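The values are calculated or read from the model by the stated rules, or taken from the named source; none is laboratory data. Quantities reported herein were computed from a predicted structural model and do not represent experimental measurements. Cβ sites come from the backbone with ideal geometry, for glycine too, and all protein chains shown count toward neighbours. Heads up: the accessible areas ignore ligands, DNA and RNA and are worked out on the full protein's heavy atoms, side chains in. Shrake-Rupley method; radii C 1.70, N 1.55, O 1.52, S 1.80 Å.
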Amino acid sequence: MKGPYAVENLNEIKEIWTMILGELQQRLNLSNTSISLWFGDIVINSFSDDILSITTSTDYKKEVIEKRYIAHIEDLFEVFMGFRITVYVEVDK
């Protein structure tokens, strides 16, 4: 894994997001189907002041992501970027 990662634009966050999903899949032994199911429709809305805002399609997916995966995702962002961020999950309604 790569260490501290300076972010210059939202496209870089999207690249980091892709790397994090790969690492999450390995760490938690998730199938491709699970990754696609829970994260396939995620849209990255914004990143500022160490807060990443993402959107998913349903309240249920939001609940599952927050309960099962958000802590792992935030930990991995810290590994990749070198500082802690908070991830907020919203539902696209």
Checklist entry - What are the pairs, 6+ residues apart or on separate chains, where a residue within region 80-93 that is closer than 13 Å to Ile44 by Cα has its Cβ under 6 Å from a residue that is of a type in the set (S, T, N, Q)? => result Tyr88/Ser53; Glu90/Thr55; Asp92/Thr55; Asp92/Ser57
Item to check | Residue tally, condition open to solvent by 30 Å² or more (accessible area, probe 1.4 Å), small (Gly, Ala, Ser) and touching a residue at least 12 places away in the same chain (Cβ under 8 Å), over region 11-63 | outcome: 2
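Is it the case that Leu24 is at negative phi, out of contact with any strand residue (DSSP E or B) (no Cβ under 9 Å at 6 or more places or on another chain), aliphatic (A, V, I, L, M) and part of a loop (DSSP other than H, G, I, E, B)? Full working, then the answer.
Working: at negative phi: yes; out of contact with any strand residue (DSSP E or B) (no Cβ under 9 Å at 6 or more places or on another chain): yes; aliphatic (A, V, I, L, M): yes; part of a loop (DSSP other than H, G, I, E, B): no.
No; evaluated as a whole, the condition is false for this residue.
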Checklist entry - Considering region 70-93 alone, what residues qualify as being assigned to a helix (DSSP H, G or I), in contact with a helix residue (DSSP H, G or I) (Cβ under 7 Å, 6 or more places away or on another chain) and more than 16 Å from Ile13 (Cβ to Cβ)? => result His72
Next on the checklist: If Arg84 satisfies all but one of (1) modelled with pLDDT of 95 or more; (2) exposed (fewer than 12 other Cβ atoms within 10 Å of the Cβ); (3) under 23 Å from Gln26 (Cα atoms), what's the number of the condition it fails?
Outcome noted: (1)
Next on the checklist: Taking the conditions exactly as written (part of a helix (DSSP H, G or I), modelled with pLDDT of 95 or more, among the β-branched types (Val, Ile, Thr) and within 21 Å of Val91 (Cβ to Cβ)), does Ile35 satisfy them or not?
Outcome noted: yes
Checklist outcome for this item: Within region 38-69, restricting to residues that are among the hydrophobic types (A, V, I, L, M, F, W, C) and assigned to a helix (DSSP H, G or I), the one that is nearest to Lys14 (Cα to Cα) is Phe39
Checklist outcome for this item: Taking region 69-79 and keeping residues in contact (Cβ under 8 Å) with a residue 12 or more places away in the chain and open to solvent by 10 Å² or more (accessible area, probe 1.4 Å) leaves Tyr69, Ile70, His72, Glu74, Val79
Checklist entry - Is there a residue in region 2-10 that is open to solvent by less than 30 Å² (accessible area, probe 1.4 Å) and not aromatic (Phe, Trp, Tyr)? => result no
